[in-house]
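Colleague: I'd like to ask you about the structure that follows.
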Amino acid sequence: MTPTPQDIQAAMAVHPRAFRDTPAVQFRKIALWIGFIGLFCWCLYDFNFAPERILHGMQRMGRILSFMFPPHIWETWAEWLEVFTALGETVAMAFLGTVLGLIVAFPLSFLGAKNINRIFWLRQTTRRGYDIIRAFEILILALIFIRAFGLGPLAGVLAIAVSEVGTFSKLFSEALENTSRRPVEGVVASGGSRFQSILFGIMPQVLPVHLSIVLYNFESNVRSSTILGIVGAGGIGFMLSDRISGYFWDQVWTIIIMIVAMVYLIDYLSGLIRARLIGHAEMAK
Amino acid sequence: DDWKKDYAVIKFGILSGENEKDRIARYTPFEEYLEKELGVEVEIFTAGNYDGVIQAIGADQIEFAFFGSSSYAAAYTGTDGKVEPLVSRLRQDGSTGYYSVVVTRCDSGYKSIRDLEGKVLAFADPDSTSGYAVPYFNIAQEVDPKSFFSAVPFSGSHEAGVAGVAQGTFDAAATWQNNEVDGRWQRMIDKGMIEQGVICPIWESPEITSGPFTARANIPQELKDAVKEAVMTVQDKDEAAFKAMTGWKAEDPNPQTGWIEVNHERYQWIVDMRAWLKKQRRSS
Amino acid sequence: MPGHADMTALADSPISTPILQFEQDYADLRRRTRITWLVGSAVFLALFTFSAWLGDFFKVTQITLPDGSRDWRWIIPAGIPRLGEFIAKTIPDLHWATFGADFAEWFWRWKVWAKLLVETILIAFMATVFGVIGGFLLSFPAARNLAPNKWVMWICRRYLEIARTVPDLVWALIFVFCFSVGPMAGVLAIGLHATGALGKLYSEVNENIDMRPLEGVKAAGGTWFDQIRYGAVPQVLPNIISYTLLRFEINVRSSSIIGYVGAGGLGQEIREALSLQEYTDLSALFLIIFVTVMVIDFASEKLRHRVIGLEKGPST
Amino acid sequence: MPATLTLSNVSKIFGETKAVDTVSLDIAPGQFVGVIGRSGAGKSTMLRLVNRLIDPTSGSISFDGVEITSLRGKALRDWRRDCAMIFQQFNLVDRLDVLTNVLIGCLAEHGFFSSMAMQFTDAERTLALQALDRLDLVPQALQRAGTLSGGQQQRVAIAKALVQQPKIMLADEPIASLDPANATLVMDGLKQINKEDGLTVLVNLHTLDTARAYCDRIIAMRNGRIFFDGTAAQLTDDVVRDIYGTQGLREFNEAVTSTQGLAVPA
Amino acid sequence: MPATLTLSNVSKIFGETKAVDTVSLDIAPGQFVGVIGRSGAGKSTMLRLVNRLIDPTSGSISFDGVEITSLRGKALRDWRRDCAMIFQQFNLVDRLDVLTNVLIGCLAEHGFFSSMAMQFTDAERTLALQALDRLDLVPQALQRAGTLSGGQQQRVAIAKALVQQPKIMLADEPIASLDPANATLVMDGLKQINKEDGLTVLVNLHTLDTARAYCDRIIAMRNGRIFFDGTAAQLTDDVVRDIYGTQGLREFNEAVTSTQGLAVPA
Ligand SMILES: Nc1ncnc2c1ncn2[C@@H]1O[C@H](COP(=O)(O)OP(=O)(O)OP(=O)(O)O)[C@@H](O)[C@H]1O
Ligand SMILES: Nc1ncnc2c1ncn2[C@@H]1O[C@H](COP(=O)(O)OP(=O)(O)OP(=O)(O)O)[C@@H](O)[C@H]1O
Ligand SMILES: [Mg+2]
Ligand SMILES: [Mg+2]
């Protein structure tokens, strides 16, 4: 039943587009790919991704990795305690920073959502406001807070919180925009006011999304709290970068393994929380 | 004392030093020692980055800080001279600092910087005092690094630079040593990362004085004196705290044994060096 | 309200058993909910208070007042008026009369910055490409519903976890050690981190897809790869594009931090400006980053809306 | 209680399309009216105009002498409550439980703060439960709406409509997403309400035969206009052919018509 | 070309449920077989067993003497291609164009790289276009599948099945999501293929009357077992009552039976 060449010719004559893109489309595709690959190759060249350099780096990488076995085991309880304290501090600061960021960002996010705030200029100003916050280098934020509050965890927490405000508001308002209109219509059709349609129609839809955003960011704040090192409040990130600058690779690996374990634990716990708040059925979907 | 009413809480900022030993030193015993000696509350903040400590001292948020020499200079310019160095470290052999060195492969036959014309000299990383600022500044007094060498790349770290020289990637690299037997490259030999007799230093900088224990200038003189006194005598009064804060190790051939008093003059050349670097940047 | 008439009628109408059953269940549920809420809120508040205490939120300490005297103050209100201090140091001296010259003085290093900005964007571009390739390829075996078998899934998930759990700054330190300073280390560090972060997000998208098209491909005799290529990829593409654009923006910002360890980009400039106390440079750099972030944000918003808009098909 | 719904010369234009084109209608109290017509004929648009989810381009709609098209604010919300709407896709809030979904029908009476706290009175709850009971849904009252089957969800939507204590009930293809057993349950539910409470019911249907079986009066639309208005008996095969047109149906012969007659309700 | 499909003592057990319970069947080449039964009777499971989307718990399925249940790898994929499957929800890839969706039917022949690059030969494209042409879908060939109406989508699914050049065609409630006009088109399409190409067609139906109108042979399932196997004529009202049972449908009286007979197919 394979078509004969004549069949093919005939079909091609009738439906040329089903066989080949139009020259314009083809040209665009080729141009895009050439542009992309060209840029990529130029970057490879510009950033000096030379094969021997890569090989060389891989060897060093191998040496660093070899320090993983056996992992470093600290001998005294005091040293272990130091690591655990640093881990604990980091989690606590990340938690605090995330919660504070969340509290501020939640109301702000409504102003930035197209389906809630219909006033164009207000929405745009709010959105650009999020951009301003996100453009602040977290390091600069830390310095601002150090001058005001001195060295210590407070400055670090506030730096995390402020940078989180920018991220959360942006992600939250996008979540708000991605909701389905149907439940809203259902509420409006029953005589609900605009406010009620948001509360009953939109909020139940976005809360699970918000929750996963918050938990995900909490997790990444645990990682990014290197900032605590800058403000002199310790934390695991500081310990880690100190070990790296001192070439204590074996300790570096042990710390990394501990961070991974901790994040894994947080992941697990947040899975439990999510399951509890959202319900297993939907998690499984 | 009068100052105790105004300074019932004294805050210290501490930078993990250039020296890898300092990075895992612990200051809790020292904090307790100071509280006992001074009779006031002491809070110590260990930071990994000097920008924060400089801002804190400039904003009157902390009273004292352990700086590296280069970060002291930064604090000095950053606060318009509102800092005052008190004491610095003294080692067993009487040295009070360390040196920046340029190393090459021993079999290359290079004897001085002049021999390196057209070669590759690797610096450690742009933030390093001994691996970049000092050698660059000093070498630039002799030759123009940009045109004299074929390239002056950053290797990323002292260790990477030295290893690069051993493997032939670089012709020379800048790193540091405390003396002929102790330094970055010697320790790499001890760890078995490079062979004995492969690496030879061909150039040594003036002494880079160890960083000073520094006070904010605008605090009462009595407070400065009291703290200075306490620090100067810590090795006698509380040896455990001293060993913990200096990262003392039994196998260390040349551990820190005490302190010497210092003044700003000692660091002026580093301040000048930074000014020079800044000017270089402005003019480029 | 008309409801009340019915309400009274209800009093003497026989109440059906399902309703009685419900009333009981409802009371139960209410009690349980209330307890869960109480316990949950208590735990949360306790954690919050504890970490706030750890974070020095309640700290009362001696502060140096503006006039140089010392006093005991609660740290937060004491510090709030000083929030602008650092920012004030970074504000350049601009006068209307000499605006042009002042502005030129402010952006005196613009040539270097323009170059570094391009470098930053290129680093972010390349890192995003690496992150997308890695994250995309791994996200399918890492998704619960698509994994060909448990072991592959386990390995992929752990790899992604390690890649994203270690801060990119730490990867940067490690790669700087391996490949020496310069953009390459930055690209690799951000790329690796992005692989982990994107891999997780992508695999979550994958877990939410409609499995029916995959079944359709399978029923026509397609392999696992065919099912992914034809059934899954077209479904997840819009989400992937949207996450990728978000990530690109994040990568632009992190490549400006990564420079901090000597891995190239604007971050290196920030570090230099800080260490040489060229504070007005900081505000200029901030402006540059802000405009870049804004442009990317705006463009990706447009692009995303277009991609999502295409989804809806003809409006009804 | 119920009164006549009157549409006079109502039009709705979307850009180029005249979705509803000068429609005039009188719907007497207590009637069970089915609206049929091809896809795109304007059925949904007409219902949405009545409920004021959209505003007509021209013409007026009145109920019991009150002009609907000019209502604003609270009066508009009250009208929406009085004229309950049921959607093809149910338009429930999946993540809220069934009871709360039904209670959304009471929102029009609520102030800012009580709705903010999602707080309803016991009387309202009882009302909701009675409505659920009528539709055999009490056992599911505390389940999340999203976990119910399609038929159950649609019945929840009807319960919500009942709680609104409406004067008229609009249903936009309420059984189009349902399987036959559930479709029967839902249509029976609507019929029962129509009979017992004397509510006017206006329902869009895709399926001719359901319309024939349940409706007192059938209205057919075509291209936004009323094309037929009469009883089921008057709806002859010829008329049907005209309503749906024959294009697109390859063979509209006897055999298939019969299949279609049977298969229609899909 | 077509050969007999034989199921002997096939069972499929999901946890507690016997979805298919020792079913034995012979399906002769060229037959148009309808499978009816209540929801949960095991109709879908049976079809999926034949296509090997799931594996039987016990029993064997053979086609033309080849044991299907033991196929692996390429042989299994070839079997899946030989026995095309059409789903109730179409199972098309919404975001790909119609042509590519149809070309998915050719994938079994493709190597890794050409299929990853979505690269098809001109011959394959012609084949796909011919199949689309048979179902009057050529004008939509470059549209996204998701933008088509339900009936069109189902016809695309049939075209895809045709491109597979199957020996047997399985259809799982192919018209359950379609409106009557489209349902007619789809059933007609299947019938046409059955007649013209002599393909065996095995189709699950919810709607008795469609089954009666199209099928040579009707098989009814109940609780996983074959309950009836005969011609449309043999399917009396009594049998129907037994097949569907009366629980669950509130009033199974004459009036509603008629409605149901009509409304069921939903
Ligand atoms: N919001 C809108 N914007 C633009 N055009 C619209 C809108 N809503 C409906 N239309 C158009 O109005 C016409 C009538 O649509 P309507 O939804 O009322 O038809 P319908 O009879 O309900 O069809 P169906 O049976 O498919 O639901 C269609 O041509 C549709 O495309
Ligand atoms: N993957 C599965 N896991 C567990 N049980 C299943 C699975 N698939 C089907 N079943 C069960 O097997 C039985 C038969 O299901 P099947 O889908 O074959 O019925 P059906 O006749 O197709 O019904 P319908 O008309 O609703 O499609 C049902 O009880 C169903 O719950
Ligand atoms: Mg409609
Ligand atoms: Mg089924």
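The values are calculated or read from the model by the stated rules, or taken from the named source; none is laboratory data. Because the structure is a prediction, the values reported are computed rather than measured. Quick reminder, even Gly has a Cβ in these numbers, built from the backbone with ideal geometry, and neighbours come from all protein chains shown. Remember, those area values only see protein heavy atoms, side chains included, never the ligands or the DNA or RNA. Shrake-Rupley method; radii C 1.70, N 1.55, O 1.52, S 1.80 Å.
Colleague: Pick out, from the range B:172-284, the helices (runs of 4 or more DSSP H) lying fully within it that include 1 or more residues that are among the aromatic types (Phe, Trp, Tyr).
Modeller: On the way: elements: B:184-190, B:221-232, B:234-237, B:239-246, B:265-283.
Output list reads B:184-190, B:239-246, B:265-283.
Colleague: Just checking, which of D:Ala171, D:Ala123, D:Ala161, D:Ala157 is outside any loop (DSSP other than H, G, I, E, B) and within 18 Å of C:Pro18 (Cα to Cα)? Reasoning before the result, please.
Modeller: On the way: D:Ala171 fails: within 18 Å of C:Pro18 (Cα to Cα); D:Ala161 fails: within 18 Å of C:Pro18 (Cα to Cα); D:Ala157 fails: within 18 Å of C:Pro18 (Cα to Cα).
Testing whether each residue is outside any loop (DSSP other than H, G, I, E, B) and within 18 Å of C:Pro18 (Cα to Cα) leaves just D:Ala123.
Colleague: Related question: Can you confirm whether E:Ile36 is more than 16 Å from ligand 1 (Cβ to nearest atom), crowded, with 22+ Cβ neighbours inside 10 Å and without any contact (Cβ under 8 Å) to a residue 24 or more places away in the chain?
Modeller: Details: more than 16 Å from ligand 1 (Cβ to nearest atom): yes; crowded, with 22+ Cβ neighbours inside 10 Å: yes; without any contact (Cβ under 8 Å) to a residue 24 or more places away in the chain: no.
No: the conditions fail for E:Ile36.
Colleague: A further question follows. Scan the range A:107-147 for residues that are over 25 Å from the mean Cα position of the chain (by Cα) and either assigned to a helix (DSSP H, G or I) or over 30 Å from A:Asn178 (Cβ atoms) (or both) and jot them down.
Modeller: Taking the range A:107-147 and keeping what is over 25 Å from the mean Cα position of the chain (by Cα), we get A:117-122, A:146-147.
A:Phe120, A:Trp121, A:Leu122, A:Ile146, A:Arg147 - these are the residues of the range A:107-147 that are over 25 Å from the mean Cα position of the chain (by Cα) and either assigned to a helix (DSSP H, G or I) or over 30 Å from A:Asn178 (Cβ atoms) (or both).
Colleague: Separate question: Picking from B:Tyr76, B:Tyr72, B:Tyr132, B:Tyr136, which residue would you name as being in contact (Cβ under 8 Å) with a residue 12 or more places away in the chain, assigned to a helix (DSSP H, G or I), within 21 Å of B:Gln186 (Cα to Cα) and within 14 Å of chain C (Cβ to nearest Cβ)?
Modeller: Values: B:Tyr76 fails: within 21 Å of B:Gln186 (Cα to Cα); B:Tyr72 fails: within 21 Å of B:Gln186 (Cα to Cα); B:Tyr136 fails: within 21 Å of B:Gln186 (Cα to Cα).
Selected residue: B:Tyr132, the only one of B:Tyr76, B:Tyr72, B:Tyr132, B:Tyr136 that is in contact (Cβ under 8 Å) with a residue 12 or more places away in the chain, assigned to a helix (DSSP H, G or I), within 21 Å of B:Gln186 (Cα to Cα) and within 14 Å of chain C (Cβ to nearest Cβ).
Colleague: Ok, one more. Identify, from the list D:Met46, D:Met85, the residue that is within 16 Å of D:Ala171 (Cα to Cα), assigned to a strand (DSSP E or B), of a type outside the set (Val, Ile, Thr) and more than 16 Å from ligand 4 (Cβ to nearest atom). Working first, answer last.
Modeller: Details: D:Met46 fails: assigned to a strand (DSSP E or B).
So the residue among D:Met46, D:Met85 that is within 16 Å of D:Ala171 (Cα to Cα), assigned to a strand (DSSP E or B), of a type outside the set (Val, Ile, Thr) and more than 16 Å from ligand 4 (Cβ to nearest atom) is D:Met85.
Colleague: Do you know which residues across the range C:198-219 are farther than 30 Å from E:Pro166 by Cα and assigned to a helix (DSSP H, G or I)?
Modeller: Going through the range C:198-219, the residues farther than 30 Å from E:Pro166 by Cα turn out to be C:198-208.
Result: C:Leu198, C:Gly199, C:Lys200, C:Leu201, C:Tyr202, C:Ser203, C:Glu204, C:Val205, C:Asn206, C:Glu207.
Colleague: I need the full set of residues from the range B:66-96 which are charged (D, E, K, R) and within 20 Å of A:Leu143 (Cα to Cα), in order please. It would help to see each step written out before you state the result.
Modeller: Of all residues in the range B:66-96, those charged (D, E, K, R) come to B:80, B:82, B:84, B:89, B:91, B:93.
Matches in the range B:66-96: B:Asp80, B:Lys82.
Colleague: Considering each residue of the range D:157-204, count those that are within 16 Å of ligand 1 (Cβ to nearest atom) and of a type in the set (Ser, Thr, Tyr), and give that number.
Modeller: Count: 1.
Colleague: Quick check, is E:Gly198 open to solvent by less than 10 Å² (accessible area, probe 1.4 Å) and either at positive phi or within 16 Å of ligand 3 (Cβ to nearest atom) (or both)?
Modeller: no
Colleague: Which members of the range D:186-212 meet the condition of being closer than 18 Å to D:Gln88 by Cβ and either more than 14 Å from chain E (Cβ to nearest Cβ) or within 16 Å of ligand 2 (Cβ to nearest atom) (or both)?
Modeller: Within the range D:186-212, D:Val201, D:Leu202 qualify.
Colleague: Does D:Pro139 meet the test of being more than 10 Å from chain E (Cβ to nearest Cβ), not β-branched (Val, Ile, Thr) and not in a helix (DSSP H, G or I)? Explain how you work it out, then say what you get.
Modeller: Working: more than 10 Å from chain E (Cβ to nearest Cβ): yes; not β-branched (Val, Ile, Thr): yes; not in a helix (DSSP H, G or I): no.
For D:Pro139, the condition - more than 10 Å from chain E (Cβ to nearest Cβ), not β-branched (Val, Ile, Thr) and not in a helix (DSSP H, G or I) - is not met.
Colleague: Would you check which residues across the range C:230-261 are closer than 30 Å to B:Pro126 by Cβ and either modelled with pLDDT of 85 or more or open to solvent by 10 Å² or more (accessible area, probe 1.4 Å) (or both) and list them?
Modeller: Hits for the range C:230-261 are C:Arg247, C:Phe248, C:Glu249, C:Ile250, C:Asn251, C:Val252, C:Arg253, C:Ser254, C:Ile257, C:Tyr260, C:Val261.
Colleague: What residue, among those in the range E:13-61 that are near ligand 2 (Cβ under 9 Å from one of its atoms) and touching a Lys or Arg at 6+ places or on another chain (Cβ under 6 Å), is farthest from E:Lys74 (Cα to Cα)?
Modeller: E:Gly37
Colleague: Can you report the number of residues in the range D:39-52 which are open to solvent by 40 Å² or more (accessible area, probe 1.4 Å) and either more than 10 Å from every other protein chain (Cβ to nearest Cβ) or more than 10 Å from the chain's Cα centre (by Cα) (or both)?
Modeller: 2
Colleague: In the range E:59-75, what residues are within 14 Å of chain C (Cβ to nearest Cβ) and more than 19 Å from E:Leu202 (Cβ to Cβ)?
Modeller: Taking the range E:59-75 first, the residues within 14 Å of chain C (Cβ to nearest Cβ) are E:68, E:71-75.
Matches in the range E:59-75: E:Arg72, E:Gly73, E:Lys74, E:Ala75.
Colleague: Let me ask something else about it. Is at least one residue of the range E:14-36 away from ligand 3 (no atom under 16 Å from the Cβ) and within 14 Å of chain C (Cβ to nearest Cβ)? Reasoning before the result, please.
Modeller: Of all residues in the range E:14-36, those away from ligand 3 (no atom under 16 Å from the Cβ) come to E:14-36.
Next cut, within 14 Å of chain C (Cβ to nearest Cβ) only: none.
No, the range E:14-36 contains no residue that is away from ligand 3 (no atom under 16 Å from the Cβ) and within 14 Å of chain C (Cβ to nearest Cβ).
Colleague: Can you run down the residue pairs with Cβ atoms below 6 Å, 6 or more apart or on separate chains, where the first is in the range A:268-285 and under 16 Å from C:Gly40 (Cβ atoms) and the partner is modelled with pLDDT of 60 or more?
Modeller: Short answer, once both residue conditions are applied: A:Ser270/A:Leu215; A:Ile278/A:Pro208.
Colleague: State yes or no: is A:Gly191 of a type outside the set (Ser, Thr, Tyr), under 29 Å from D:Ala159 (Cβ atoms) and at pLDDT 80 or above?
Modeller: Working: of a type outside the set (Ser, Thr, Tyr): yes; under 29 Å from D:Ala159 (Cβ atoms): yes; at pLDDT 80 or above: yes.
Considered against the rule, which asks whether it is of a type outside the set (Ser, Thr, Tyr), under 29 Å from D:Ala159 (Cβ atoms) and at pLDDT 80 or above, A:Gly191 comes out as yes.
Conditions (1) more than 19 Å from the chain's Cα centre (by Cα); (2) surrounded by fewer than 23 Cβ atoms within 10 Å (Cβ to Cβ), marked per residue:
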site	(1), (2)
B:Arg26	no, yes
B:Val40	yes, yes
B:Ala47	no, no
B:Tyr50	no, no
B:Ile54	no, no
B:Gly58	yes, yes
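Colleague: I'm trying to understand the selection: among the residues of the range E:213-242, which are charged (D, E, K, R) and open to solvent by less than 90 Å² (accessible area, probe 1.4 Å)? Break it down stepwise before answering.
Modeller: Of all residues in the range E:213-242, those charged (D, E, K, R) come to E:216-217, E:222, E:225, E:229, E:237-238, E:241-242.
Residues satisfying the conditions are E:Asp216, E:Arg217, E:Arg222, E:Asp229, E:Asp242.
Colleague: Within the range B:79-98, count every residue that is more than 16 Å from B:Pro253 (Cβ to Cβ), surrounded by fewer than 21 Cβ atoms within 10 Å (Cβ to Cβ) and either hydroxyl-bearing (Ser, Thr, Tyr) or without any contact (Cβ under 8 Å) to a residue 40 or more places away in the chain (or both).
Modeller: 3
Colleague: Okay, moving on. Quick check on D:Arg95: is it among the charged types (D, E, K, R), closer than 26 Å to D:Asn194 by Cβ, open to solvent by 30 Å² or more (accessible area, probe 1.4 Å) and more than 16 Å from ligand 1 (Cβ to nearest atom)?
Modeller: Details: among the charged types (D, E, K, R): yes; closer than 26 Å to D:Asn194 by Cβ: no; open to solvent by 30 Å² or more (accessible area, probe 1.4 Å): yes; more than 16 Å from ligand 1 (Cβ to nearest atom): yes.
Judged against the criteria, D:Arg95 is not a match.
Colleague: Still on this structure: Which count do you get for residues in the range B:139-174 that are away from every other protein chain (no Cβ under 14 Å), buried (at least 20 other Cβ atoms within 10 Å of the Cβ) and farther than 14 Å from B:Val102 by Cα?
Modeller: Here is the first cut: in the range B:139-174, the ones away from every other protein chain (no Cβ under 14 Å) are B:139-150, B:171-172.
Subsequent filtering for residues that are buried (at least 20 other Cβ atoms within 10 Å of the Cβ) retains B:139, B:149, B:171-172.
Now restrict to residues that are farther than 14 Å from B:Val102 by Cα: none.
Residues meeting the conditions: 0.
Colleague: If you don't mind, there's one more thing I want to ask. Report whether or not E:Gln154 is open to solvent by 10 Å² or more (accessible area, probe 1.4 Å) and away from ligand 3 (no atom under 16 Å from the Cβ). Talk me through it step by step, then tell me what you get.
Modeller: On the way: open to solvent by 10 Å² or more (accessible area, probe 1.4 Å): no; away from ligand 3 (no atom under 16 Å from the Cβ): yes.
Considered against the rule, which asks whether it is open to solvent by 10 Å² or more (accessible area, probe 1.4 Å) and away from ligand 3 (no atom under 16 Å from the Cβ), E:Gln154 comes out as no.
Colleague: I'd like to check something: does the range E:247-259 contain any residue that is part of a loop (DSSP other than H, G, I, E, B) and at pLDDT 50 or above?
Modeller: No - not one qualifying residue is present in the range E:247-259.
Colleague: From the residues in the range E:53-72 that are hydroxyl-bearing (Ser, Thr, Tyr) and part of a loop (DSSP other than H, G, I, E, B), which one is least open to solvent (accessible area, probe 1.4 Å)? Steps first, please.
Modeller: Residues of the range E:53-72 hydroxyl-bearing (Ser, Thr, Tyr): E:57-58, E:60, E:62, E:69-70.
Now narrow it down to the ones that are part of a loop (DSSP other than H, G, I, E, B): E:57, E:69-70.
On the way: E:Thr57: 78, E:Thr69: 29, E:Ser70: 75 Å².
Filtering first and then ranking leaves E:Thr69.
Colleague: Anything in the range C:57-107 that is assigned to a loop (DSSP other than H, G, I, E, B) and within 14 Å of chain A (Cβ to nearest Cβ)? List them, or say none.
Modeller: Step one: filter the range C:57-107 for residues assigned to a loop (DSSP other than H, G, I, E, B), giving C:57-59, C:65-69, C:83, C:91-98, C:107.
Result: C:Phe57, C:Phe58, C:Lys59, C:Leu65, C:Pro66, C:Leu83, C:Ile91.
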